[in-house]
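Peer 1: Please find one structure pasted underneath; my questions will follow.
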Amino acid sequence: MRILSGIQPSGKLHIGNYFGMMKPAIELQSRGQAYLFIANYHALTTVTDPEQLRADSRDVALDFLACGLDPEKTVFFRQSDVPEVTELTWLLSIVTPMGLLERCHSYKDKLAKGIPASAALFNYPVLMAADILAYQSTVVPVGRDQKQHVEVTRDIAIKFNNQFGEVFTIPEPAISESVAVVPGLDGQKMSKSYGNTIELFGDPKEARRRIMRIVTDSTPLEDPKNPDTCNIFALYRLFATPEETAEMAARYRAGNFGYGTAKKALAEIYERTFAPMRERRAALASDPDRVEAIMQQGAARARAEARKTLDAARRAVGLA
Ligand code: ADP
Ligand code: TRP
């Protein structure tokens with residue numbers, strides 16, 4: 001099994017990103033050969049400030065390494081360090097019908113949001129297909145919004161193989177249904193666009209202040225409370241062991257337990273979880289050469305694989 005996923009570098013990560021995407025991606029490293037990359041070519045379709053792109057790409061690398069990504073196990077790299085994928089994008093675009101790309105929701109959604117319709121934005125799924133196919137990936141864990149792109153990848157790979165011979169492995173999407181949507185301070189989905197986030201590596205005092213602002217109902221202190229409808233509990237259980245979760249639920253149901261106490265418990269468990277990672281992140285941030293060496297080492301491993309696939313594709317179409 002070869003697992004591959006990419007993440008766009010897009011600003012400060014929050015605990016919704018952590019539990020929804022980073023933690024599952026990091027856990028994959030023990031289940032098979034995992035490839036994980038920072039999709040900076042893709043980010044260029046929306047990020048226009050070069051300094052911003054550089055800073056965000058560096059931050060995502062630090063965030064993943066601090067959260068436990070092991071670069072010996074996972075091949076961790078920047079997309080742009082494997083330029084072979086851009087040539088492969090061209091070869092794949094030969095068998096990609098316009099209609100297939102015109103039907104992509106993510107493209108239509110971005111136009112609806114007012115993002116200008118560049119050729120790169122339109123071709124985004126073909127580049128994503130090249131990312132996936134270059135490493136002969138079998139499983140692609142993605143959020144629901146990216147599932148269609150993996151289906152497009154399958155269509156492209158099947159068409160290429162039919163026309164030019166068997167070059168690509170056909171991948172499967174893996175949509176994680178088990179990871180529920182992490183709620184934000186106001187109970188909506190936690191998202192940087194809603195301003196309701198708790199950051200992973202922001203100022204710890206600010207994180208605590210934000211936890212104290214989580215919206216709750218107005219059940220009086222003495223009354224029993226329902227943990228299953230409470231935002232504080234929904235966040236607490238993500239961090240806690242099953243025993244701690246059961247104990248907290250019992251305290252809710254017993255009554256005489258205030259939301260303020262629950263918030264303090266959440267703030268403590270947040271700190272217990274992220275303080276060691278914050279230290280690790282600071283150590284890495286102060287050693288940029290080491291981080292760069294890790295990224296270069298990942299790129300070298302990824303590039304060797306991508307080269308093999310690209311050469312096979314070039315031979316198949318009659319280039320080499
Ligand atoms: P945001 O909504 O803050 O802009 P992104 O859309 O950049 O976040 O999401 C990046 C990744 O984090 C995706 O894989 C997405 O599924 C995951 N993610 C983001 N917010 C949440 C959330 N509240 N709960 C679970 N997963 C999330
Ligand atoms: N488009 C994906 C996103 O925005 C990121 C990505 C790029 C990706 N290439 C990929 C994900 C290949 C999985 C496989 O989330």
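Peer 1: With viscosity set to 0.890 mPa s at 25 °C, what whole-number translational diffusion coefficient in µm²/s follows for the chain from Stokes-Einstein and a Kirkwood radius over Cα pairs?
Peer 2: Once the numbers are plugged in, D ends up at 115 µm²/s.
Peer 1: How big is D, in µm² s⁻¹, for region 5-46 by Stokes-Einstein at 37 °C and 0.692 mPa s if Rh is the Kirkwood radius over C-alpha pairs?
Peer 2: Roughly 289 µm²/s, to the nearest whole number.
Peer 1: Determine the percent antiparallel among the DSSP beta bridges restricted to the chain, to the nearest 5.
Peer 2: Just about 10 percent of them are antiparallel.
Peer 1: Among the lysines, select those whose C-alpha is under 30 Å from the C-alpha of K189, and discard any that sit fewer than 8 residues away in the same chain.
Peer 2: K12, K23, K108, K110, K113, K147, K205, K225, K263, K264
Peer 1: Per the Cauchy relation, a quarter of the hull surface: what is the mean projected area of the convex hull of the alpha carbons in region 192-282, in nm²?
Peer 2: 6.3 nm²
Peer 1: Can you pull out the trypsin sites (Lys or Arg not before Pro) in region 80-110 whose DSSP state is coil and whose Cβ has at most 14 other Cβ atoms within 10 Å?
Peer 2: Here the sparse-neighbourhood loop sites are R103.
Peer 1: What whole-number distance in Å separates the alpha-carbon centres of region 1-73 and region 158-192?
Peer 2: Centre-to-centre (Cα) distance: 15 Å.
Peer 1: Just add up the charged neighbours of C104: K/R +1, D/E -1, any other residue whose Cβ is under 15 Å from the Cβ of C104.
Peer 2: With Lys, Arg at +1 and Asp, Glu at -1, the neighbours total +2.
Peer 1: From the gyration tensor of the Cα coordinates in region 11-116, what semi-axes in whole Å does the equivalent ellipsoid have, largest first, with each one equal to sqrt(5λ)?
Peer 2: Equivalent ellipsoid semi-axes, largest first: 27, 19, 15 Å.
Peer 1: Right, something else. Would you please state the base-10 log of I(q)/I(0) at q = 0.12, 0.19, 0.20, 0.26 1/Å for region 264-319, with intensities from the Debye formula using one equal scatterer on every alpha carbon?
Peer 2: -0.57, -0.77, -0.80, -0.94
Peer 1: Taking neighbour Cβ counts within 10 Å as the exposure measure, how do D81, D56 sort from fewest upward?
Peer 2: Ascending number of Cβ neighbours within 10 Å: D81, D56.
Peer 1: What do you get for the angle between helix 288-317 and the principal long axis of the chain? Use alpha-carbon atoms, 0 to 90 degrees, nearest ten.
Peer 2: Tilt of helix 288-317: around 40 degrees.
Throughout, read-outs are computed from the coordinates displayed, never taken from laboratory work. Bear in mind the structure is a predicted one, so any value in this text is a computation, not a measurement. Reconstructed Cβ throughout: ideal geometry from the backbone, glycine too, with neighbour counts over all protein chains shown.
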